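These notes are about the structure you will find just below.
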Amino acid sequence: QAEWAWAGVGSQNRALKDRLLSAVASQSTGAVEGWGESSDELIWEFGDVCFLLQRTSSTCLRLSLRLPPLEQRFSDRIRDTSETLIRRLDNVARMQQPPEPGYQVTLQVDLGMLSRFDAGLQSFAVTSLASLRMMVTGAPLRHHLELLQRGCFPGPLEALCSKPGQVYFVKPGADSVTIIYPIQVVSQLDAAIGHQFLQAFVEARGFAATGKAPMCAYHPAKAPPLELAGASPALVGAAEGGYLCMSFTPRHVDEEMQLEYVTWTLSTFFDNISRHIKACKAMMRGRLRSQLDEMVKGLRPAAPESVEPSIAAAAEAVRCRPTGSSYTQMSSRKATLLGPLAEAHQDLGVHVAVDSARRSIRT
């Protein structure tokens with residue numbers, strides 16, 4: 001039991017965990033409500049990750065994991081390191097070779113074995129199975145962190161990737177491991193928001209509550225960190241959002257639960273940045289639309305009665321326009337009426353984005 005009782009709490013798929021607990025309960029009680037034999041169920045997760053549950057018999061459940069396609073070198077590295085971790089589950093689940101078509105990993109889960117565990121051990125085993133994504137995609141990074149946990153060994157720079165377009169680098173040192181994230185952005189506005197977010201992220205270490213956090217450094221796009229010397233430019237990419245470096249020492253992963261939490265957090269760090277940028281842009285658009293209403297109210301008293309309906313219609317078009325569309329796509333009349341107002345809001349948008357990012361991160 002100790003061989004597999006290692007998976008951390010927090011990285012599991014909650015929907016998958018609930019369905020697995022339901023399957024174990026149906027095995028224990030003999031009730032099969034919602035779990036008929038030969039039933040299939042899909043569970044989706046962020047990042048185009050998919051789980052397939054197949055009840056092949058009353059005592060067996062097939063669990064498959066599908067990941068988005070990666071470059072061959074990254075997928076091979078994930079497969080080689082994850083197989084060792086998955087074998088720790090052999091007393092409750094065994095790998096199926098070959099896996100189901102279209103899936104990278106397939107496990108045959110023994111529901112009969114799980115039903116004989118006590119409640120605490122049963123829950124922990126199911127949590128391990130529900131953390132299958134982290135076991136697979138986080139395995140290469142976990143390997144480096146395990147070496148750090150045992151004392152660390154210097155090694156060459158290695159590129160890792162758990163999602164298409166999200167390549168990061170690991171540089172093992174004599175007494176620490178440095179993680180380098182090249183931040184890719186799609187627009188100048190995203191770059192401005194990302195820059196403020198990462199600056200605030202680095203500065204947060206100065207507070208008393210985060211004094212024991214890993215060392216962090218932010219490098220602008222034009223000044224990449226020295227740790228990336230020798231890295232392939234094709235892997236690093238443009239990195240218009242700059243570079244974030246984090247250095248971890250053995251005290252950051254000295255406990256098993258810490259190791260799992262750090263592995264999951266670092267593996268999904270790109271998604272965390274993307275979520276903050278999107279949240280800031282949504283807040284910015286809300287503030288801009290409210291200010292637009294106020295500016296239109298100010299224009300109405302000075303506009304002739306014949307023009308006032310057109311101003312209202314044009315303002316509604318700007319307020320409801322799709323994200324990313326330009327003001328030049330409006331009709332010529334609406335663009336003429338609100339052209340200067342639109343330009344003013346575009347300039348204001350950058351300042352609001354920067355201010356919103358600074359406030360949200362510090363909060």
Notebook entry, point to check: Restricting attention to the stretch 260-269, which residues are surrounded by fewer than 21 Cβ atoms within 10 Å (Cβ to Cβ) and not β-branched (Val, Ile, Thr)?
Noted result: Tyr261, Phe269
Check: So which residues in the stretch 152-201 are of a type in the set (A, V, I, L, M) and without any contact (Cβ under 8 Å) to a residue 40 or more places away in the chain?
Finding: Val170, Ala174, Val186
Check: For the stretch 38-48, which residues satisfy the criterion of being at pLDDT 85 or above and under 16 Å from the mean Cα position of the chain (by Cα)?
Finding: Trp44, Glu45
Next item on the list: Exactly one condition in (1) closer than 16 Å to Glu260 by Cα; (2) open to solvent by less than 30 Å² (accessible area, probe 1.4 Å) is not met by Leu111; state its number.
Entry: (1)
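Each row is one residue, and each column tells you yes or no for (1) of a type in the set (A, V, I, L, M); (2) in contact with a Lys or Arg (Cβ under 6 Å, 6 or more places away or on another chain); (3) closer than 25 Å to Leu266 by Cβ; (4) without any contact (Cβ under 8 Å) to a residue 24 or more places away in the chain.
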residue: Arg87; (1), (2), (3), (4): no, no, yes, yes
residue: Val92; (1), (2), (3), (4): yes, no, no, no
residue: Thr106; (1), (2), (3), (4): no, no, no, no
residue: Ser115; (1), (2), (3), (4): no, no, no, no
residue: Gly120; (1), (2), (3), (4): no, no, no, yes
residue: Leu129; (1), (2), (3), (4): yes, no, yes, no
residue: Val136; (1), (2), (3), (4): yes, no, yes, no
residue: Leu141; (1), (2), (3), (4): yes, no, yes, no
residue: Leu145; (1), (2), (3), (4): yes, no, yes, no
Check: Is there a residue in the stretch 299-318 that is modelled with pLDDT of 85 or more, open to solvent by less than 50 Å² (accessible area, probe 1.4 Å), farther than 30 Å from Thr127 by Cβ and not in a loop (DSSP other than H, G, I, E, B)?
Finding: no
Check: If you check Ala279 against the conditions, is it in contact with a Ser or Thr (Cβ under 9 Å, 6 or more places away or on another chain) and small (Gly, Ala, Ser)?
Finding: yes
Item checked: Lone unmet requirement of (1) in contact (Cβ under 8 Å) with a residue 40 or more places away in the chain; (2) surrounded by fewer than 18 Cβ atoms within 10 Å (Cβ to Cβ); (3) hydrophobic (A, V, I, L, M, F, W, C); (4) not in a helix (DSSP H, G or I) for Met257 -> (4)
Notebook entry, point to check: Could you list, in sequence order, the residues of the stretch 71-111 that are of a type in the set (S, T, N, Q) and over 26 Å from Ala159 (Cβ atoms)?
Noted result: Asn91, Gln96, Gln97, Thr106, Gln108
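Let's see how each residue does on (1) open to solvent by less than 10 Å² (accessible area, probe 1.4 Å); (2) within 27 Å of Pro164 (Cβ to Cβ); (3) touching a strand residue (DSSP E or B) at 6+ places or on another chain (Cβ under 8 Å); (4) modelled with pLDDT of 90 or more:
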position	(1), (2), (3), (4)
Asn13	no, yes, yes, no
Val24	yes, no, no, no
Thr29	no, no, no, no
Cys50	yes, yes, yes, yes
Leu53	yes, yes, yes, yes
Notebook entry, point to check: Only one of these conditions is not met by Phe248: (1) in contact with a helix residue (DSSP H, G or I) (Cβ under 7 Å, 6 or more places away or on another chain); (2) surrounded by 17 or more Cβ atoms within 10 Å (Cβ to Cβ); (3) over 20 Å from Glu227 (Cβ atoms). Which number is it?
Noted result: (3)
Next item on the list: Output the residues belonging to the stretch 60-92 that are modelled with pLDDT of 85 or more and over 21 Å from His143 (Cβ atoms).
Entry: Cys60, Leu61, Arg62, Leu63, Ser64, Arg66, Pro68, Pro69, Val92
Item checked: Hits in the stretch 106-121 (condition: in a helix (DSSP H, G or I) and over 13 Å from Ser26 (Cβ atoms)) -> Met113, Ala119, Gly120, Leu121
Notebook entry, point to check: So which of Val185, Val177, Val170 is more than 22 Å from Tyr261 (Cβ to Cβ) and either among the basic types (Lys, Arg) or surrounded by 17 or more Cβ atoms within 10 Å (Cβ to Cβ) (or both)?
Noted result: Val185
Next item on the list: Within the stretch 58-85, count every residue that is within 25 Å of Leu145 (Cα to Cα), in contact (Cβ under 8 Å) with a residue 12 or more places away in the chain and open to solvent by less than 60 Å² (accessible area, probe 1.4 Å).
Entry: 11
Note to self: Going by what's in this entry, would Val136 be described as aliphatic (A, V, I, L, M), under 20 Å from Ser11 (Cα atoms), open to solvent by less than 10 Å² (accessible area, probe 1.4 Å) and not in a helix (DSSP H, G or I)?
What the structure shows: no
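The values are calculated or read from the model by the stated rules, or taken from the named source; none is laboratory data. All figures in this text were calculated on a predicted structure; none of them were measured in a lab. As a convention, Cβ positions derive from the backbone with ideal geometry for all residues, glycine included, and neighbour counts pool all protein chains shown. Ligands, DNA and RNA are excluded from the accessible area calculation, which covers all protein heavy atoms including side chains. Shrake-Rupley method; radii C 1.70, N 1.55, O 1.52, S 1.80 Å.
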